[in-house]
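Structure first, commentary second.
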Amino acid sequence: MDVFYMKIQGNSYRDGLAIEISFSEGIIDSISETQNLLEQDLILGPGFTDIQVNGYGGIDYNEIQSDPMNLAEISRLLYKEGVTTHFPTIITNDPEQISQLILQIVSLRKSDEFSRMSIEGLHIEGPFISPIDGPRGAHPKEFVRAPDWSLVQKWQNESKGLIKMITLSPEWENTVPFIERCIDHGILVSIGHTNATHQQILDAVNAGASLSTHLGNGAHPILARHPNYIWSQLSQDELGASIIADGFHLPAEVIQVFQKVKKENLMLVSDSVSLSGMPAGDYTLHIGGEVTLTPEGKLHLKSNPSILAGSASNIRSGVSFLIKNKLAALTEAWEMASVRPEKLVNPGHRLFKEGSIADLILCRKDENGELEVLKTIKHGREVFSA
């Protein structure tokens, strides 16, 4: 049965003070200190926003479903992980297939309230990326193409305005006017899967690109010392960056360097594929083929353990990874997964303030820094309770 909370208590993720949050009609009315004695390990903070979710729990946003409602379980599983907002991410494919994938998400949101609340935008990752092996990653080469505004217009019409973000490579000739059109139409442009030159990246930033998608991944395994497209993206203050913090995609020292450079403009994504949240074992993916998911959560090609086959993580475990490995304090790690991405994609939204939407999570933090989600509230409504 749905529960509509009016109050919730916990220790603030910001400063550890015991607080009580009151809300009504989905909006926070007040945040005040409480004299009640609370368990020290109960942490209350804003819900997580994951702007890059390919799939979860064995379900893939990049596969045509016999019934779009099959996708409804993803939002419910993510609520259990504290993700109150997520962007289904559709990767490089045939343009008509992308249309079909978009339409089934539109149908899902129309039919399922929990999905409609959670899915606040779509992220189109490709097909306007680099065709070069390495930067292209697992995206199918045959569908990679130059930026095409008419295609984006078609997809945006089909999505009923839901496309909020596009990842592209600025190495294509017509990228600058394409980026400008995206920005004019309220679509965030992120640089990723790129083999662009320094000047092409500068031009993209000047045109309005504002983010780097999973910086440090979707790249050549070996790069020139300098120049290279990672240095170029790091050098641009106007570019924020998302990273995958699962212990496999980026070494700890690389995350530390990215933090020093990007500071409050560094944020987390999961980039989760459908095997996220699944038991360890061997699987067959429609993109990637034969793969192995280890008990530690590493997803790699079955034939070559050194080659990753995507992320099998979620953003809650990314926050825990940063805390456990002392790569970030709890407040910063939490904001990298909540306040920062939300501010990027919804500049008008405020989180964890009076007058803001009541998207909240209550977690228990163990002595190692691992977070366990106990309660998730979306728009003032309980959507998960452990």
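State, to one decimal in nm², a quarter of the convex hull surface area for the C-alpha atoms of the range 191-250, i.e. the direction-averaged projected area.
Details: hull surface 15.7 nm².
The orientation-averaged projected area of the Cα hull of the range 191-250 comes to 3.9 nm².
Tabulate in residue order the Karplus-calculated ³J(HN,Hα) for the range 58-70, using 6.51 cos²θ - 1.76 cosθ + 1.60 with θ = phi - 60°, rounded to whole Hz; enter x for Gly and Pro.
Whole-Hz 3J(HN,Hα) from phi for the range 58-70: x, 10, 10, 5, 9, 10, 5, 9, 5, 9, x, 5, 4.
Roughly what % antiparallel, to the nearest 5, for the DSSP beta bridges in the chain?
Numbers: 40 of 67 bridges.
Antiparallel bridges: around 60 percent, rounded to the nearest 5.
Translational diffusion coefficient of the range 1-58 at 4 °C, 1.567 mPa s, Stokes-Einstein with Kirkwood Rh over Cα pairs, in µm²/s as a whole number.
On the way: Rh = 13.4 Å.
The Stokes-Einstein estimate is 97 µm²/s.
Using amide H atoms built 1.01 Å from N in the peptide plane, name the residues 5+ places from S311, or on other chains, whose amide H lies under 5 Å from its own.
Result for S311 returns V273.
Report, ordered by chain and residue number, the aspartates and glutamates lying within cross-link reach of K260, taken as a straight Cα distance under 18 Å and ignoring same-chain residues fewer than 8 apart.
Those aspartates and glutamates meeting the cut-off are D237, E238, E332, E335.
Can you check how the C-alpha radius of gyration of the range 195-347 compares to 2.2 N^0.38 Å, as a plain ratio?
Working: Rg = 16.1 Å, N = 153, 2.2 N^0.38 = 14.9 Å.
Here the Cα radius of gyration is 1.08 times the empirical estimate.
Say the cut-off is 22 Å between C-alpha atoms; which of K164/K263; K262/K298; K7/K353; K7/K378; K154/K343; K141/K164 go over it?
On the way: K164/K263 24 Å; K262/K298 26 Å; K7/K353 14 Å; K7/K378 13 Å; K154/K343 27 Å; K141/K164 24 Å.
Beyond 22 Å between Cα atoms: K164/K263; K262/K298; K154/K343; K141/K164.
Provide the gained length on full extension for the span K302 to S385, in nm with one decimal, where the gain is 0.36 nm per separating residue minus the Cα-Cα distance.
Length difference between fully extended and current span is 26.2 nm.
What are the aspartates and glutamates whose alpha-carbon lies under 13 Å from the alpha-carbon of K365, with same-chain residues fewer than 8 places away excluded?
Qualifying aspartates and glutamates at Cα under 13 Å: E39, D41.
If the reach is capped at under 17 angstrom between alpha carbons, list the aspartates and glutamates near K110, excluding any in the same chain fewer than eight residues apart.
Filter leaves D67, E73, E120, E158.
Give the percent of DSSP beta bridges with both residues in the range 41-131 that are antiparallel, rounded to the nearest 5.
On the way: 2 of 10 bridges.
So the antiparallel bridges amount to about 20 percent of the total.
Take every DSSP beta bridge whose two residues both sit in the range 269-386, then give the antiparallel share in percent to the nearest 5.
Numbers: 20 of 21 bridges.
If I count the DSSP bridges inside the range 269-386, around 95 percent turn out antiparallel.
Tell me, what is the percent relative contact order of the range 201-309, built from C-alpha pairs under 8 Å that lie six or more residues apart?
Values: 126 pairs, mean separation 20.2, N = 109.
Computed value for the range 201-309: 19 percent relative contact order.
State whether the range 1-98 is rounded, prolate or oblate according to the following rule on the C-alpha gyration tensor (a ≥ b ≥ c being the square roots of its eigenvalues): a/c under 1.5 gives rounded; otherwise a/b larger than b/c gives prolate, and the remaining case gives oblate. Working shown, then result.
Numbers: a/c = 3.09, a/b = 2.60, b/c = 1.19.
Prolate.
Mean 1/r over all different Cα pairs, inverted: what Kirkwood radius does the range 298-386 give, in Å?
Numbers: mean 1/r = 0.0666 Å⁻¹.
Hydrodynamic radius (Kirkwood, Cα only) of the range 298-386 equals 15.0 Å.
So how do 321-329, 159-167 stack up, highest first, on mean other-Cβ count within 10 Å? Can you show the working numbers first?
Numbers: 321-329: 17.6, 159-167: 20.1.
Per-residue mean Cβ counts within 10 Å order the peptides as 159-167, 321-329.
When only DSSP loop residues count, what GluC sites (Glu not before Pro) in the range 162-199 have their Cβ near at most 11 other Cβ atoms within 10 Å?
On the way: sites: E171, E173, E180; in loops: E171, E173.
Sites meeting the loop and neighbour criteria: E173.
Between E253 and H185, what is the label-point separation in nm under the 7 Å Cα-to-beta-carbon projection?
Placing both labels 7 Å beyond Cα along the Cβ direction yields 4.5 nm.
For the range 129-145, in order, what is each residue's ³J(HN,Hα) by Karplus, 6.51 cos²θ - 1.76 cosθ + 1.60 with θ = phi - 60°, in whole Hz (x at glycine and Pro)?
Coupling constants for the range 129-145: 10, 6, x, 7, 4, x, x, 5, x, 8, 5, x, 4, 5, 9, 5, 7 Hz.
Using only the Cα atoms, what convex hull volume per residue in Å³ does the chain have?
Value for the chain: 134 Å³ per residue.
Taking a ≥ b ≥ c as the square roots of the eigenvalues of the Cα gyration tensor of the range 53-202, is the shape rounded (a/c under 1.5), prolate (a/b larger than b/c) or oblate?
prolate
Which whole-number percentage describes the relative contact order of the chain, with Cα contacts under 8 Å and a sequence gap of 6 or more?
Relative contact order of the chain: 21 percent.
Kindly sort M6, M267 by accessible area of their heavy atoms, largest first, with the probe set to 1.4 Å.
Numbers: M6 110, M267 10 Å².
Final ranking, largest accessible area leading: M6, M267.
I need the calculated FRET efficiency for the pair D67 and A146, taking r as the beta carbon distance and R₀ as 41 Å, to the nearest 0.05.
On the way: r = 35 Å, r/R0 = 0.85.
Taking R0 as 41 Å, the efficiency between D67 and A146 is 0.75.
Would you kindly derive the ³J(HN,Hα) couplings of the range 112-125 from the backbone phi angles with the Karplus curve 6.51 cos²θ - 1.76 cosθ + 1.60 (θ = phi - 60°), listing them in order in whole Hz, with x for Gly and Pro?
10, 5, 4, 5, 4, 5, 7, 8, 9, x, 10, 10, 9, 9
Around T213, what is the net charge, scoring Lys/Arg as +1 and Asp/Glu as -1 over all other residues with Cβ under 11 Å from its Cβ?
Numbers: positive: none; negative: E125, D271.
Value of the local net charge: -2.
Identify the residues of the range 328-355 with backbone N under 18 Å of a label point that sits 7 angstrom from the Cα of R14 along the Cα-to-Cβ direction, or state none.
Counting backbone N atoms under 18 Å from the label point, the list is 329-344, 348-355.
Alpha carbon centre of the range 187-261 versus the range 308-328: separation in Å?
19 Å
Considering all alpha-carbon pairs of the range 237-307, what whole percent are spaced by more than 18 angstrom? Please list the in-between numbers first.
Details: 1184 of 2485 pairs.
Value for the range 237-307 (Cα pairs over 18 Å): 48 percent.
The values are calculated or read from the model by the stated rules, or taken from the named source; none is laboratory data. The structure displayed is predicted, hence computed values, not measured ones. Backbone-built Cβ (ideal geometry, glycine too); neighbour counts: all protein chains shown. Side chains included, ligands, DNA and RNA excluded: accessible areas come from the protein's heavy atoms. Shrake-Rupley method; radii C 1.70, N 1.55, O 1.52, S 1.80 Å.
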